């Protein structure tokens, strides 16, 4: 946890340092988006497709194809019908919150630009059943997306694979793929 926060701080300072000399060409954007969250692997045995939300702060320099993006994520994946644990009440949906630091590599383009994104962060998970407690875990994510003009703002669509590391006693590793559409301001 401490190591992740140190890496995120170093990445943020690096972007600020690189962009300071060219302040007139500094690039940053705030983003918001949402879409579907699709469980994969063994998680798809108990959960079904749900929803996701995303807020982002993107930092970079216009002349460089590499940037940094800090994301806050929300995912809610409902329980498959008929799989509610015996004697429990609640919806048994799985809620996943996260704060992620990502590196972004954007390919050159004119009206549509594709990009690769990868990073890691802290995920908070909670199953909506009686007595369940939220748990914090480290995880990784990677994916690809496209940005394109949508009037005076930029829009994006992306898909990312998330891997949340949990011990087997806590239910094992979680895998899911949110597909997100959003806007950058």
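Kindly indicate the residue of the stretch 137-157 that is in contact (Cβ under 8 Å) with a residue 60 or more places away in the chain and in contact with a strand residue (DSSP E or B) (Cβ under 6 Å, 6 or more places away or on another chain) and also surrounded by the fewest Cβ atoms within 10 Å (Cβ to Cβ) among those meeting that condition.
Result: 154.
Pick from 143, 101, 139, 121: which is closer than 21 Å to residue 42 by Cα and under 10 Å from the mean Cα position of the chain (by Cα)?
Answer to the selection: 143.
Could you say whether any residue in the stretch 115-130 is assigned to a loop (DSSP other than H, G, I, E, B), at pLDDT below 95 and over 21 Å from residue 51 (Cα atoms)?
yes
Of the residues that sit in the stretch 38-47 and are at pLDDT below 95 and in contact with a strand residue (DSSP E or B) (Cβ under 7 Å, 6 or more places away or on another chain), which one is surrounded by the fewest Cβ atoms within 10 Å (Cβ to Cβ)?
Per the criteria, the residue is 41.
Working only within the stretch 152-173, note down all residues that are at pLDDT 90 or above and over 17 Å from residue 119 (Cβ atoms).
Hits for the stretch 152-173 are 154, 155, 157.
Would the stretch 75-96 turn up any residue that is out of contact with any helix residue (DSSP H, G or I) (no Cβ under 8 Å at 6 or more places or on another chain), at pLDDT 85 or above and over 22 Å from residue 48 (Cα atoms)?
no
The values are calculated or read from the model by the stated rules, or taken from the named source; none is laboratory data. Everything numeric here is computed off the predicted structure, so don't read it as measured data. As a convention, Cβ positions derive from the backbone with ideal geometry for all residues, glycine included, and neighbour counts pool all protein chains shown.
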